[in-house]
1. Under a 10 Å cutoff between Cα atoms, tell me which one of 93, 233, 19 has the largest fluctuation in the Gaussian network model of the chain.
2. If the cut-off is a Cα-Cα distance under 18 Å, which aspartates and glutamates reach residue 136, setting aside same-chain residues fewer than 8 apart in sequence?
3. Let me see the P(r) profile for segment 104-200: every Cα-Cα distance counted, bins of 5 Å, each bin given as a percent of all pairs.
4. Quick check: from the Cα gyration tensor, does segment 18-101 come out rounded (a/c under 1.5), prolate or oblate?
5. In segment 107-210, which trypsin sites (Lys or Arg not before Pro) are in a loop and have at most 16 other Cβ atoms within 10 Å, using DSSP for the loop call?
6. Starting from the Kirkwood Rh over alpha-carbon pairs, what translational D in µm² s⁻¹ does segment 70-133 have by Stokes-Einstein at 4 °C and 1.567 mPa s?
7. With contacts defined as alpha carbon pairs under 8 Å and 6 or more residues apart, what's the relative contact order of segment 69-157 in percent?
8. In segment 93-200, if the dipole is taken from +1 on Lys/Arg beta carbons and -1 on Asp/Glu beta carbons about the Cα centre, which of 163, 193, 173 is farthest to the positive end?
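Derivation of every value follows stated rules applied to the coordinates shown; laboratory data play no part. Predicted model only: the values in this text are computed from it and were never measured. When we count neighbours, we look across all protein chains shown, and the Cβ atoms used for this are built from the backbone with ideal geometry, even at glycine.
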Amino acid sequence: MRILISNDDGVYSPGIAALAQVAAKFGEVRVVAPDVEMSSASHSITAWRPLLYKPTPLKDLSAYRVNGTPADCVALGMYHWEKVDVVLSGINLGTNLGNGIWHSGTLAAAKQAVLFGARGIAFSTPSTDAEPDFSKLSPWIEKVLQLLLPEPRLTLVNVNLPTTPKGIRWTRQSVRHYDGKVVPSKDPLGRMHFWFTVIPLEETEEDTDRWAVEKGYVSLTPLRLDLTNDAELEELRRRHPLT
Ligand code: MN
């Protein structure tokens, strides 16, 4: 099995090495990741300048860095290495729960894999002051891969690991409204600048990704790329038949 590893924290993030080490138990591994941090890049691609694909030193791993987004990395990775079966993205330093999925570069790498005909699994864990204890997370990642890899129907899965997992749960995406808070400030020259941050407005619903991680469980959310609102489509076709 060919396993391409990417992320949005950059090729030198400790999370990517931890993920690659677990993945190596399941197949042939290659790392292709952004040369700098690309968190919140979502599924953007670089269409206005050329991309570079350079070998990079990373422990004893086969690794390449790209001056682009996570989606670019997966595109170049799958171009240079044919027949990739699955792209694993992460381990992101910061959860990707609920609406965070829309902004996530970690998820984008996994989505890009699906667009190219492979499978994609994204891994994230809370960002804390201290570096996550990957030795505690690795056995859980191994368990998750043992569960997910033999299921080819699962093309896209979002995995979030709490700091100290106590079990695993199947969950759904927690879609909540959030307060997109803009915080103004001034730079040293007195010019206005702004920080954008999001604050959830609603309580966590049971059986959602956020709920599971808050309760200490590894959250596994099967996702799909088709955003069509099927119920609404059916209703619209019935109420407003168009010819
Ligand atoms: Mn990130």
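1. 233
2. Answer for residue 136, where 18 Å is the Cα cut-off: 214, listed by chain and number.
3. Bin by bin from 0 Å, the calculated values are 2, 9, 15, 17, 17, 14, 10, 7, 5, 3, 1, 0.
4. Working: a/c = 1.61, a/b = 1.09, b/c = 1.47.
In terms of gyration-tensor shape, oblate.
5. Working: sites: 111, 119, 136, 143, 153, 166, 169, 172, 176, 181, 186, 191, 210; in loops: 153, 166, 176, 191.
Of the trypsin sites (Lys or Arg not before Pro), the ones in loops of segment 107-210 whose Cβ has at most 16 other Cβ atoms within 10 Å are 153, 166, 176, 191.
6. Working: Rh = 12.2 Å.
The estimated diffusion coefficient comes to 106 µm²/s.
7. Numbers: 110 pairs, mean separation 28.1, N = 89.
The normalised contact order for segment 69-157 reaches 32 percent.
8. Comparing the listed Cα positions along the dipole, 173 ranks first.
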